[in-house]
Structures are given as structure tokens and as C-alpha cells.
Amino acid sequence: MEWAARAIGVFYVLGGLMLLYQAWLNWRLQRALSGLIPVSVTDQVGDGVIALGAMLVLASGAALAALSGWAVAAFLAGWTIQALYLLWNDRAVRIAEPTALSGRRRSVHAFAGYTAVTALVLCLPMLGVLG
């Protein structure tokens, strides 16, 4: 069971790094286009929350890969940020474009997977896997 927990942790470390890179690219693109296209406050808040969520995904993955007891708190914090972001984004941004709807659907599917892993991580201390 330890090897599976470590593998899942490494997966989330890589996922967190990819999300941080995406947030950095969004920030650079917005700065480059700021003179041409105004950036809404909603987009700025969304990018900030995505960066925070990425850091929490990275931290939770690192904690799980190390089989640390902090993995439980990190996964719960990451889950909370993601849930709040999805709820906020659903109300703040009304999307009608098919590509944007597809992106939202992928985000919800990723959240469902993170939810399942969070539930697993909550059970790991009882199984003696996390220290």
C-alpha cells in the first residue's frame, strides 16, 4: 500500500507543477495583453485561486509521497480550495462557448478524482501507512 500512496503522491506533485506552470503562463499572457484587452477582476481572482490550489496540490502530493501525516491536512485544504473555486466559478462566470464548457467539465472530473484520493488519504492513518 505504501508504494501506491507514494505513486499517487508523485502524480499530484507533477500535477501541481503543471498547474503552477499554467498559472504562470496565464499571468504572463495577461501582462502582455493588458494594454490591448482589459483583464477583469474575476479573471485575476480566478488565476490567484488556481495558483493557490496548485501549490496545495503540490504540497499534498509531496506530503503523500513522503508518507507524512501532513498529507491529511494538505489534501483537505486542497479539496476545500478546489470546491470553493468550482462553486464560485460556476456563479461568477457564465460560459456558453463549447471549449470553455469542456474545460469546466474536465475541472469537475479532476475534482472528482481528487475527492476520491482525499477520501483514501483520510483512511491511510487508520491503516498505519501515514506517520
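The values are calculated or read from the model by the stated rules, or taken from the named source; none is laboratory data. Keep in mind that this is a model prediction, so the values were computed, not measured. Every residue, glycine among them, receives a Cβ derived from its backbone with ideal geometry; neighbour counts consider all protein chains shown. To get the accessible areas, we keep the full protein, side chains included, count just its heavy atoms, and leave off ligands, DNA and RNA. Shrake-Rupley method; radii C 1.70, N 1.55, O 1.52, S 1.80 Å.
Which of the peptides 34-40, 111-117 is most tightly packed, and how do the rest follow, going by the mean number of other Cβ atoms within 10 Å of each residue?
On the way: 34-40: 9.6, 111-117: 14.6.
Answer by packing, highest mean first, reads 111-117, 34-40.
For S107 and M18, calculate 0.36 nm times their separation in residues minus their Cα-Cα distance, and state this gained length in nm to one decimal.
On the way: separation 89, 0.36 × 89 = 32.04 nm, distance 1.39 nm.
Contour length minus Cα-Cα distance gives 30.7 nm.
Run the accessible area of the range 1-130 with a 1.4 Å probe and give the carbon-and-sulfur part as a rounded percent. Could you put the intermediate results ahead of the total?
On the way: 5750 of 8130 Å².
Carbon and sulfur together cover 71 percent of it.
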**Q.** Label-point separation, Q44 to A73 (7 Å along Cα→Cβ), nm
**A.** 3.2
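Which value, in debye to the nearest 20, gives the size of the charge dipole of the chain about its Cα centre, when Lys and Arg are +1 and Asp and Glu are -1 at the Cβ? Mind showing how you got there, number by number?
On the way: 8 positive and 5 negative charges, 38 e Å.
Roughly 180 debye, rounded to the nearest 20.
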Q: Quick one: order R105, R31 from most to least accessible surface, probe 1.4 Å.
A: R31, R105
Q.
For the chain, what does the relative contact order come out to in percent, with C-alpha contacts under 8 Å and a separation of six or more?
A. 30
Q: Give me the number: length gained by fully extending A66 to A83, i.e. 0.36 nm times residue separation minus the C-alpha to C-alpha distance, one decimal in nm.
A: 3.6 nm
**Q.** Per-residue [θ]222 nm for the chain (sum of -39500 (n - 2.57) over DSSP H runs n ≥ 4, rounded to 500)
**A.** -30000 deg cm²/dmol
Q) When all protein chains stay in place, what accessible area (Å², nearest 10, 1.4 Å probe) is found for M126? A) 150
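Counting Lys +1, Arg +1, Asp -1, Glu -1, what net charge surrounds A71 among other residues with beta carbon under 13 Å of its beta carbon? It would help to have the intermediate numbers written out before the result.
Details: positive: R6; negative: E2.
Neighbourhood net charge equals 0.
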